[in-house]
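The values are calculated or read from the model by the stated rules, or taken from the named source; none is laboratory data. The structure displayed is predicted, hence computed values, not measured ones. Note: ideal-geometry Cβ built from the backbone for every residue, glycine included; neighbour counts use all protein chains shown.
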Amino acid sequence: MKKFRFSLQSVHDLRLNRREQAERALADKDREVQEAAARLADLENKRAAAMRAYADLMRMTDAPDAQEIALRADYIALLERRENDARQRLAQLERERDGLRQKVIEAAREAETTEKLREHQYAQYVRETLRLEQKLLDELAMLRVARRMTQ
């Protein structure tokens, strides 16, 4: 009996490979999103701490140094700019991740299509093999009966 061979195996392998690549790309992008979110949270914490320190400076001293006030205000403004940049970067990464998620879904759907076709062809192969096997067994049985009749 011949061995089962899926006629679209190379297509199926290609689709599985594409799905795996898309999943890896999505995992990498998820990692980038998590890192960007952590960076944003860190900047938010730094800005909040700088704001508290600025408020403490204004509250604790009667005549705070103008240069120190300016330096702290500049630092807070810098943190705010970095925080806005980090928010934009995070939003961009999330959009990219959503696009990659769609690619994973499409690749999985394509791989599933060829997998179902493969299962269908395998079931047909099994049915054909069983039919041929039964045909051989029937022929053997007929030969036995014919041999007994001739003896």
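Here are a few things to note about the model shown:
- Long-range neighbours under 6 Å by Cβ, at least six apart or interchain, first residue within 14 Å of Ala108 (Cβ to Cβ) and touching a residue at least 12 places away in the same chain (Cβ under 8 Å) within segment 2-20, second assigned to a helix (DSSP H, G or I) and hydroxyl-bearing (Ser, Thr, Tyr): His12/Thr114; Arg15/Thr114
- Selection from segment 108-151 of residues that are surrounded by 11 or more Cβ atoms within 10 Å (Cβ to Cβ), over 30 Å from Gln21 (Cβ atoms) and among the polar types (S, T, N, Q): Gln124, Thr129
- Residue within segment 69-85 that is of a type in the set (A, V, I, L, M) and touching a residue at least 40 places away in the same chain (Cβ under 8 Å) present: no
- Looking across segment 50-65, just one residue is within 26 Å of Gln88 (Cα to Cα) and loosely packed, with under 12 Cβ neighbours inside 10 Å, and that is Arg52.
- Any hit, segment 30-49, residues being within 30 Å of His12 (Cβ to Cβ) and at pLDDT 95 or above: yes
- Complete set of residues in segment 89-105 that are without any contact (Cβ under 8 Å) to a residue 24 or more places away in the chain and under 17 Å from Leu16 (Cβ atoms): Ile105
- Test for Glu68: is it surrounded by 13 or more Cβ atoms within 10 Å (Cβ to Cβ), assigned to a helix (DSSP H, G or I) and of a type outside the set (A, V, I, L, M): no
- Segment 58-101, subset among the basic types (Lys, Arg) and over 38 Å from the mean Cα position of the chain (by Cα), residue modelled with the highest pLDDT: Arg72
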